[in-house]
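To keep things clear, I will list the structure first and then write my remarks on it.
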Amino acid sequence: MTEADAKRAETLRQLMEVGRNHSAVTVMFHSAVAAKQGLNATEEKTLDYLQRQGPLTAKDLAELTGLAPASVTGLLDRLESKGFVRRVKHPTDKRRVLVELNQEKIAELAVFFEDWARDIVEACEEFGTDELNTVIRFLSVMSERQRAAAARLTG
């Protein structure tokens, strides 16, 4: 193994370790935020998808989350019973149903992210624009790979 190969192997090992740590603290953070509103992390992140994407069908949510359609149905039932979402008729296709957010309920979650958003902006001051663009590219690729892995697990 060349020195360059050894250095790359060590960098990849460190990346995997940091990635595992980041994944764990991310899950714990979102679990803590979710618990403040009587949600679980999957429910909270589904609300995030709806907030960023707008009203979606259950099928859209299954594709975005990688969850099985039956799991999405149960998830939406729980979110609806807690008052976070409502099912509405699709504006152009009456056979389809859209899931939309209850904006008043979502506003209650926003307060939990305000400090975190400030922390992110502050942490990004340590990095140049090119470095941040590399991180964006890396996270985008990894998100797609992880979404595909979740879809494989849920069949």
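The values are calculated or read from the model by the stated rules, or taken from the named source; none is laboratory data. Note that the structure is predicted; figures quoted are calculated from it, not measured. FYI the Cβ positions are ideal-geometry reconstructions off the backbone, even for glycines, and counts take in every protein chain you see. For accessibility, only protein heavy atoms count, side chains too; no ligands or nucleic acids. Shrake-Rupley method; radii C 1.70, N 1.55, O 1.52, S 1.80 Å.
Restricted to the range 1-34, and to residues there that are among the β-branched types (Val, Ile, Thr) and free of Cβ contacts under 8 Å to residues at least 60 places away in the same chain, the residue that is farthest from Leu75 (Cα to Cα) is Thr2.
Annotation note: Cβ proximity below 7 Å between a residue of the range 142-155 that is farther than 16 Å from Asp60 by Cβ and a residue that is surrounded by 12 or more Cβ atoms within 10 Å (Cβ to Cβ) (sequence gap 6+ or interchain) occurs for Gly155/Ala68. Return a yes/no flag: does the range 77-97 have any residue that is over 19 Å from the mean Cα position of the chain (by Cα), of a type in the set (A, V, I, L, M) and either at pLDDT 90 or above or over 29 Å from Leu12 (Cβ atoms) (or both). Within the range 77-97, one or more residues are over 19 Å from the mean Cα position of the chain (by Cα), of a type in the set (A, V, I, L, M) and either at pLDDT 90 or above or over 29 Å from Leu12 (Cβ atoms) (or both).
For the range 124-135, the criterion of being closer than 20 Å to His30 by Cβ, assigned to a helix (DSSP H, G or I) and under 16 Å from the mean Cα position of the chain (by Cα) is met by no residue.
Considering the range 134-155, the residues that are open to solvent by less than 80 Å² (accessible area, probe 1.4 Å) and among the polar types (S, T, N, Q) include one that is farthest from Gly19 (Cα to Cα), namely Thr154. Every condition in (1) open to solvent by 90 Å² or more (accessible area, probe 1.4 Å); (2) of a type outside the set (Ser, Thr, Tyr); (3) in a loop (DSSP other than H, G, I, E, B) holds for Arg118 except the one numbered (3). A count restricted to the range 32-44 and to residues that are at pLDDT 90 or above, within 12 Å of the chain's Cα centre (by Cα) and farther than 14 Å from Gly83 by Cα stands at 1.
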